[in-house]
Structure formats: structure tokens, C-alpha cells
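For reference, the structure is listed below as C-alpha cells.
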Amino acid sequence: GGWFFARPRPLREDFDAKMPKWKAKAVGGVKAVAFDSTEAFLAPVKAGLVQATIGQKYFGWGYDVAIVTFDILAKGRQVTPFIDSGYDVVCQNNVDTMLSIWQTQNFRQPLPACSILP
């Protein structure tokens, strides 16, 4: 009853032309979740073809890593071997907020919780 996509190229491009049979099933009730919440992956969520995307905290890739590195080197900060940077779940109720985050590049803006999660 469902699909999981890990960065599927057709979802970033013209999924109408490249995946017409899948689109018909998605409209018919098959559930889909994709990994990555970049701007290119949000159109299928907005269209209701993908129920949710799970994405990394993109701002943390650069800014947060630089801050932690500075604190370690300049301030002697101690860190655990693993730092959980978290993740975002984007679905119908918060896709517009995530689109706004990408358009404004304001990755500190809070993302409302996805309503389909327990």
C-alpha cells in the first residue's frame, strides 16, 4: 500500500510525464513518503501525491557545524561523538511554511509539526 522514495529524480522533475502510472495510483490512494525536503521535492507534497517528506536540518550542515567547530577550537567545548541535528517532516499542513523557509532562506523559522504524525 505504499512507496518510500530516496531522492527520486522523477519527483524533482516532471513526475506527470515520467511516472504517469505511479501518479494514477497515488491519486487512487497509494501512500508515498520521500526522503529530502528541498524545494524541488515539495511540489508533489503540495499536489497531494506524496504524503510526507523527511529532510535533514539543512541550515545545520553549514552554520551549526561552523559554530560547534569554533566553540571546540576557541572555547574548548566538549561534545559527544554524535550530535543529533534533527530532521523535518513536511506534509500538507506545513508544506507552505517549508516553501517559505526555502524562498527566504530563513532556516531558523520554526516548522509546524506535520499533522499526519502520531
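Scanning segment 86-103 for residues that are outside any loop (DSSP other than H, G, I, E, B) and open to solvent by less than 60 Å² (accessible area, probe 1.4 Å) returns D88, V89, V90, V95, T97, M98, L99, S100, I101, W102. Which one of these is under 23 Å from A17 (Cα atoms) and out of contact with any Gly (no Cβ under 6 Å at 6 or more places or on another chain): A66, A113, A34? Just a single option satisfies the conditions, and that option is A34. For segment 104-113, the set of residues classified as farther than 21 Å from G48 by Cβ and surrounded by 11 or more Cβ atoms within 10 Å (Cβ to Cβ) consists of F107, Q109, listed by residue number. Contact map, segment 14-30: residues that are among the charged types (D, E, K, R) paired with residues that are surrounded by 11 or more Cβ atoms within 10 Å (Cβ to Cβ) and at pLDDT below 75, Cβ distance under 6 Å, separation 6+ or inter-chain. Pairs shown: K18/P10.
For N106, state whether it is in a loop (DSSP other than H, G, I, E, B) and at pLDDT below 90. Give the steps one after another, and end with the answer.
Numbers: in a loop (DSSP other than H, G, I, E, B): yes; at pLDDT below 90: yes.
Yes: the conditions hold for N106.
Please verify whether segment 18-31 includes one or more residues that are aromatic (F, W, Y) and in contact with a Lys or Arg (Cβ under 8 Å, 6 or more places away or on another chain). Within segment 18-31, not a single residue is aromatic (F, W, Y) and in contact with a Lys or Arg (Cβ under 8 Å, 6 or more places away or on another chain).
What do you reckon, is L73 more than 27 Å from P118 (Cα to Cα) and hydrophobic (A, V, I, L, M, F, W, C)? Before the answer, list the steps.
Values: more than 27 Å from P118 (Cα to Cα): yes; hydrophobic (A, V, I, L, M, F, W, C): yes.
Here the answer is yes, as L73 does meet what is asked.
Which one of these is assigned to a loop (DSSP other than H, G, I, E, B), out of contact with any Ser or Thr (no Cβ under 8 Å at 6 or more places or on another chain), open to solvent by 40 Å² or more (accessible area, probe 1.4 Å) and touching a residue at least 60 places away in the same chain (Cβ under 8 Å): I83, I116? Walk me through how you get there before you give the answer.
On the way: I83 fails: touching a residue at least 60 places away in the same chain (Cβ under 8 Å).
The conditions single out I116.
The values are calculated or read from the model by the stated rules, or taken from the named source; none is laboratory data. This structure is a prediction, so every number in the text was calculated from the model and none was measured. Glycine gets a Cβ as well: all are built from the backbone with ideal geometry, and neighbour counts include every protein chain shown. The accessibility values were calculated without ligands, DNA or RNA, using every heavy atom of the protein model including side chains. Shrake-Rupley method; radii C 1.70, N 1.55, O 1.52, S 1.80 Å.
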